[in-house]
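No value in this document is a laboratory result; all are computed from the given coordinates. Source: prediction; values computed, not measured. Reconstructed Cβ throughout: ideal geometry from the backbone, glycine too, with neighbour counts over all protein chains shown.
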Amino acid sequence: MELIRSYISIYYIEIIIALIVVFFLLFISTIVSLIKTRKLREKYIALVRGIEGINIEDLLIKSDRDIRDIQRDLELFQQNLNTMETKLTFAIQKIGFIRYNAYYNMGSELSFSIALLDNFQNGFVFTSIYGREQSVCYAKPVKDGESNIPLSAEEIIAIERALKGENIEFSKQRRVKA
């Protein structure tokens, strides 16, 4: 013990300086820790903003559950979208139309042919021939852009317009003697 007292009495200035340096280092370390804790607390408050009395673990579990629910809903939406796209390919997508005079000396181009086709070029061509005494309407099936029933020139034009995506209406006179 005497040895320690003699050592302290000889080196007391160096020991005091070392203690002051250690004190300042601990003081700086405490300040840095307080600043880091404050920043961490601000981040935590931003994370659970507006939620009182919530445990961060419960919040993360709830967020994970919500994400899984959203993923499930997204997969269901994608399946429904694929089903709708498949069904849409069989819906009427291509339309071709032409108006014309079916009989000589009949004005106003009241006769017409309209082709209604799906994405696979299947559907029908509908024709209405207007006459003074009577009007006739009929439809012919179309498969792969063609019909197994003979088509008139106007019906062929209507199908070609539907296949090309042309819905431009222009006149074509057809003179049939009545």
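For beta carbons closer than 6 Å, sequence separation of 6+ or different chains, a first residue in segment 137-149 that is farther than 11 Å from Ile159 by Cβ and a second that is assigned to a strand (DSSP E or B), the qualifying pairs are Cys137/Ser128; Tyr138/Thr127; Ala139/Phe124; Ala139/Phe126; Pro141/Phe124; Ile149/Lys140. The single condition from (1) surrounded by 12 or more Cβ atoms within 10 Å (Cβ to Cβ); (2) in contact (Cβ under 8 Å) with a residue 40 or more places away in the chain that Ile129 fails is (2).
Given the criterion free of Cβ contacts under 8 Å to residues at least 24 places away in the same chain, closer than 13 Å to Ile159 by Cα and surrounded by 10 or more Cβ atoms within 10 Å (Cβ to Cβ), identify the matching residue among Phe77, Phe124, Phe97. Walk me through how you get there before you give the answer.
On the way: Phe77 fails: closer than 13 Å to Ile159 by Cα; Phe97 fails: free of Cβ contacts under 8 Å to residues at least 24 places away in the same chain.
So the residue among Phe77, Phe124, Phe97 that is free of Cβ contacts under 8 Å to residues at least 24 places away in the same chain, closer than 13 Å to Ile159 by Cα and surrounded by 10 or more Cβ atoms within 10 Å (Cβ to Cβ) is Phe124.
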